[in-house]
1. Within the range 196-246, track down each residue that is in contact with a strand residue (DSSP E or B) (Cβ under 8 Å, 6 or more places away or on another chain) and part of a loop (DSSP other than H, G, I, E, B).
2. Determine whether the range 87-94 contains at least one residue that is touching a helix residue (DSSP H, G or I) at 6+ places or on another chain (Cβ under 7 Å) and at pLDDT below 95.
3. Identify, from the list 185, 189, 172, the residue that is outside any helix (DSSP H, G or I), over 21 Å from residue 104 (Cβ atoms) and either in contact with a strand residue (DSSP E or B) (Cβ under 8 Å, 6 or more places away or on another chain) or at pLDDT 95 or above (or both).
4. Filter the range 25-43 down to residues that are in contact (Cβ under 8 Å) with a residue 40 or more places away in the chain and under 19 Å from residue 92 (Cβ atoms) and give me whichever is surrounded by the most Cβ atoms within 10 Å (Cβ to Cβ).
5. Can you find a residue that is in a loop (DSSP other than H, G, I, E, B), touching a residue at least 12 places away in the same chain (Cβ under 8 Å) and either under 19 Å from the mean Cα position of the chain (by Cα) or more than 27 Å from residue 242 (Cβ to Cβ) (or both) anywhere in the range 74-87?
6. Would it be correct to say that residue 178 is assigned to a strand (DSSP E or B) and under 20 Å from residue 8 (Cβ atoms)?
7. I'd like to check something: does the range 188-207 contain any residue that is in contact with a helix residue (DSSP H, G or I) (Cβ under 9 Å, 6 or more places away or on another chain), touching a residue at least 24 places away in the same chain (Cβ under 8 Å), under 30 Å from residue 76 (Cβ atoms) and surrounded by fewer than 13 Cβ atoms within 10 Å (Cβ to Cβ)?
8. Test residue 56 against the criterion of being surrounded by 13 or more Cβ atoms within 10 Å (Cβ to Cβ), under 28 Å from residue 172 (Cβ atoms), in contact with a strand residue (DSSP E or B) (Cβ under 9 Å, 6 or more places away or on another chain) and without any contact (Cβ under 8 Å) to a residue 40 or more places away in the chain, and give yes or no.
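The values are calculated or read from the model by the stated rules, or taken from the named source; none is laboratory data. Worth saying up front: this structure is predicted, and the values here are computed from it rather than measured. Using ideal geometry, Cβ is built from the backbone for each residue, glycine included, and neighbour counts are taken over all protein chains shown.
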């Protein structure tokens, strides 16, 4: 277990992710609660939320993750009312990169209006696994999902960086949020890009997912986490430690 109830799941370097069943139907009473919570979240977000499909993990083991496609609104409802986990059982699986440069690590600050972990500093790129990249082969005929393709898509959308800007991907662990049960799969990445090049790409092509970027020197990671205590995503210290970047 991680601190504050965060659960850490070990994963193999070549962990497989598979869609193994259809999305279950909900009882009418639960459906009504989901609809009401989704409508409220939409109002807070000014109607900007999109009810797309996201992958939900049913079973997690080091070698394999089995699950199904679910609605984003079910995940949002569970974020707003964690007790719904007993009825919904959603564990939305997301990917999260740990981009390490020559002597720095990239952090991004989430918008205050974000549905999940608002205003917190996280390790970009990050995002729920969805079928949007399926046409490019992210989901094959056997139901397998390639998390690296999702990570590359998030890299381009959030930071404006192409896939070849990062290399040497390495799965670190899955960290499960104690309330929402969102599961973040950390993947370490190496880049030869300079801090200036990353900032330029983000400013010119990023989608506004982060209100600020911080290139934190590796030697200053512990101080950064202490300075922003309570405002850093719970998965970040776990991923940094697993990547060998955080020793204290």
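1. The first filter runs over the range 196-246 and keeps only residues in contact with a strand residue (DSSP E or B) (Cβ under 8 Å, 6 or more places away or on another chain), leaving 198-199, 202, 209-218, 221, 224-225, 228, 231-236, 238-240, 242-243, 245.
Across the range 196-246, the qualifying residues are 209, 210, 211, 228, 231, 233, 234, 243, 245.
2. In the first step, residues of the range 87-94 are kept if they are touching a helix residue (DSSP H, G or I) at 6+ places or on another chain (Cβ under 7 Å); the result is 87-88, 90, 92.
Still in the list and also at pLDDT below 95: none.
Within the range 87-94 (the criterion being touching a helix residue (DSSP H, G or I) at 6+ places or on another chain (Cβ under 7 Å) and at pLDDT below 95), the answer is no, since none of the residues qualifies.
3. On the way: 189 fails: over 21 Å from residue 104 (Cβ atoms); 172 fails: over 21 Å from residue 104 (Cβ atoms).
Just a single option satisfies the conditions, and that option is 185.
4. Step one: of the range 25-43, the residues in contact (Cβ under 8 Å) with a residue 40 or more places away in the chain are 26-27, 30, 33-34, 37, 40-41.
If we keep only those that are under 19 Å from residue 92 (Cβ atoms) too, we end up with 26, 30, 33-34, 37, 40-41.
Details: 26: 16, 30: 16, 33: 19, 34: 23, 37: 19, 40: 13, 41: 16.
Of everything passing the filter in the range 25-43, 34 is surrounded by the most Cβ atoms within 10 Å (Cβ to Cβ).
5. Initial filter on the range 74-87 (in a loop (DSSP other than H, G, I, E, B)): 81.
With touching a residue at least 12 places away in the same chain (Cβ under 8 Å) added as a condition, the list becomes 81.
Within this subset, residues satisfying the condition of being either under 19 Å from the mean Cα position of the chain (by Cα) or more than 27 Å from residue 242 (Cβ to Cβ) (or both) are 81.
Checked the range 74-87: at least one residue is in a loop (DSSP other than H, G, I, E, B), touching a residue at least 12 places away in the same chain (Cβ under 8 Å) and either under 19 Å from the mean Cα position of the chain (by Cα) or more than 27 Å from residue 242 (Cβ to Cβ) (or both).
6. On the way: assigned to a strand (DSSP E or B): no; under 20 Å from residue 8 (Cβ atoms): yes.
For residue 178, the condition - assigned to a strand (DSSP E or B) and under 20 Å from residue 8 (Cβ atoms) - is not met.
7. yes
8. Values: surrounded by 13 or more Cβ atoms within 10 Å (Cβ to Cβ): yes; under 28 Å from residue 172 (Cβ atoms): yes; in contact with a strand residue (DSSP E or B) (Cβ under 9 Å, 6 or more places away or on another chain): yes; without any contact (Cβ under 8 Å) to a residue 40 or more places away in the chain: yes.
Here the answer is yes, as residue 56 does meet what is asked.
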